[in-house]
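**Student:** Please find one structure pasted underneath; my questions will follow.
The values are calculated or read from the model by the stated rules, or taken from the named source; none is laboratory data. For clarity, every value in this text was computed on a predicted model and none was experimentally measured. Note that we place each Cβ from the backbone using ideal geometry, even for glycine, and neighbour counts take in every protein chain shown. Note: accessible area is taken over every heavy atom of the protein model, side chains too, but ligands, DNA and RNA are not part of it. Shrake-Rupley method; radii C 1.70, N 1.55, O 1.52, S 1.80 Å.
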Amino acid sequence: LLHCDLVYISLDARLRMPFVNLGLCPEFGSSLILPRLLGHAKAAELLLLGEGFSGEQAAAWGIATEALGSGEAALAKAREMAERFETLAPGAVQVCKQLMKSVDREQLRQVIEEEGALFVQRLKSPEAIAALSGFMDRR
């Protein structure tokens, strides 16, 4: 969700980032984006402890664009917004998106690369193997 331009979610959706709970580390820029978006303390709560949060909280924190009454309402809103893009000048949309993301692009690319390498290492760790096995056994 952290890389999406627009995110519509149900109010009661339950989300979490269970990286550490699974013996892993954040990936795809989460360790850079979340602290910038939420501040260090809240990001630490979500990333280190894997605390769950609702769609309503995701919208309040800026992780989601808007939280709506149900999953169906969120899907309808997402479709409505996607249809609006059909009326926009594609080149202008592309340039606008590039400008919005250009400031942090290189730093984000570096963090994603570092997280990816560490994530692969963590996947092979005894902690991750045990946690992932336990997770699969519970399913």
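**Student:** Which value, in debye to the nearest 20, gives the size of the charge dipole of the chain about its Cα centre, when Lys and Arg are +1 and Asp and Glu are -1 at the Cβ?
**Tutor:** Dipole about the Cα centre, nearest 20: 140 debye.
**Student:** Now a separate question. Expressed as an acute angle from 0 to 90° and rounded to the nearest 10, what is the orientation of the C-alpha long axis of helix 105-123 relative to the principal long axis of the chain?
**Tutor:** Here the helix axis deviates by roughly 30 degrees.
**Student:** Pull up the cross-link candidates among the lysines for residue 124, meaning alpha carbon to alpha carbon under 22 Å and not fewer than 8 places away within one chain.
**Tutor:** Correct list for residue 124: empty, as no lysines qualify.
**Student:** What is the gain in length, in nm to one decimal, between residue 28 and residue 2 on full extension, counting 0.36 nm per residue of separation less the C-alpha to C-alpha distance?
**Tutor:** Net length gain for the segment: 8.5 nm.
**Student:** So, one more: What number, in nm² with one decimal, is the all-direction average of the projected area of the convex hull of the alpha-carbon atoms of region 17-139?
**Tutor:** 9.8 nm²
**Student:** Identify, among 55, 126, 17, the residue whose Cα sits farthest towards the positive end of the charge dipole of the chain, taking +1 on the Cβ of Lys and Arg and -1 on the Cβ of Asp and Glu, with the dipole about the Cα centre.
**Tutor:** Checking the options against the dipole of the chain, the answer is 126.
**Student:** Oh, and also: When only DSSP loop residues count, what trypsin sites (Lys or Arg not before Pro) in region 96-126 have their Cβ near at most 16 other Cβ atoms within 10 Å?
**Tutor:** Sites meeting the loop and neighbour criteria: 124.
**Student:** Further question on the same structure: Over the chain, what is the relative contact order in whole percent, taking alpha-carbon pairs under 8 Å and six or more residues apart?
**Tutor:** 37 percent
**Student:** OK, next. If r is the Cβ-Cβ distance from residue 73 to residue 135 and R0 is 30 Å, what FRET efficiency results, to the nearest 0.05?
**Tutor:** The calculated FRET efficiency here is 0.45.
**Student:** What are the ³J(HN,Hα) values, in whole Hz, obtained from phi via the Karplus relation 6.51 cos²θ - 1.76 cosθ + 1.60 with θ = phi - 60°, for each residue of region 86-99 in sequence order, with x given for Gly and Pro?
**Tutor:** Result, rounded to whole Hz: 5, 9, 9, 6, x, x, 5, 4, 4, 5, 4, 4, 4, 5.
**Student:** Using a 1.4 Å probe on the protein heavy atoms, what percent of the accessible area of the chain belongs to carbon and sulfur?
**Tutor:** 58 percent
**Student:** Pick from 111, 120, 103: which residue has the top mean-square fluctuation in a GNM of the chain where Cα pairs under 10 Å get a spring?
**Tutor:** Of 111, 120, 103, the Gaussian network model singles out 103 as fluctuating most.
**Student:** Per residue of region 29-45, what does 6.51 cos²θ - 1.76 cosθ + 1.60 with θ = phi - 60° give for ³J(HN,Hα)? Whole Hz please, x for Gly and Pro, Karplus curve as stated.
**Tutor:** Whole-Hz 3J(HN,Hα) from phi for region 29-45: x, 4, 6, 9, 5, 4, x, 5, 7, 10, x, 4, 5, 5, 4, 4, 4.
**Student:** If each of residue 88 and residue 54 carries a label point 7 Å out from its Cα toward its Cβ, how far apart are those two points in nm?
**Tutor:** 3.0 nm
**Student:** Let me ask you something else. Label point 7 Å out from residue 124 along Cα-to-Cβ: which residues of region 16-45 have amide N under 16 Å?
**Tutor:** Once the point is set 7 Å along Cα→Cβ of residue 124, 24-25 turn out to lie under 16 Å by backbone N, inside region 16-45.
**Student:** Could you provide, to the nearest whole Å², the per residue accessible area of the chain with probe 1.4 Å?
**Tutor:** 66 Å²
**Student:** Next question. Could you pull out every residue, at least 5 positions away or on a different chain, whose amide H is within less than 5 Å of the one on residue 10? Hs are placed 1.01 Å off N in the peptide plane, and Pro or chain starts have none.
**Tutor:** Here 68 satisfy the definition.
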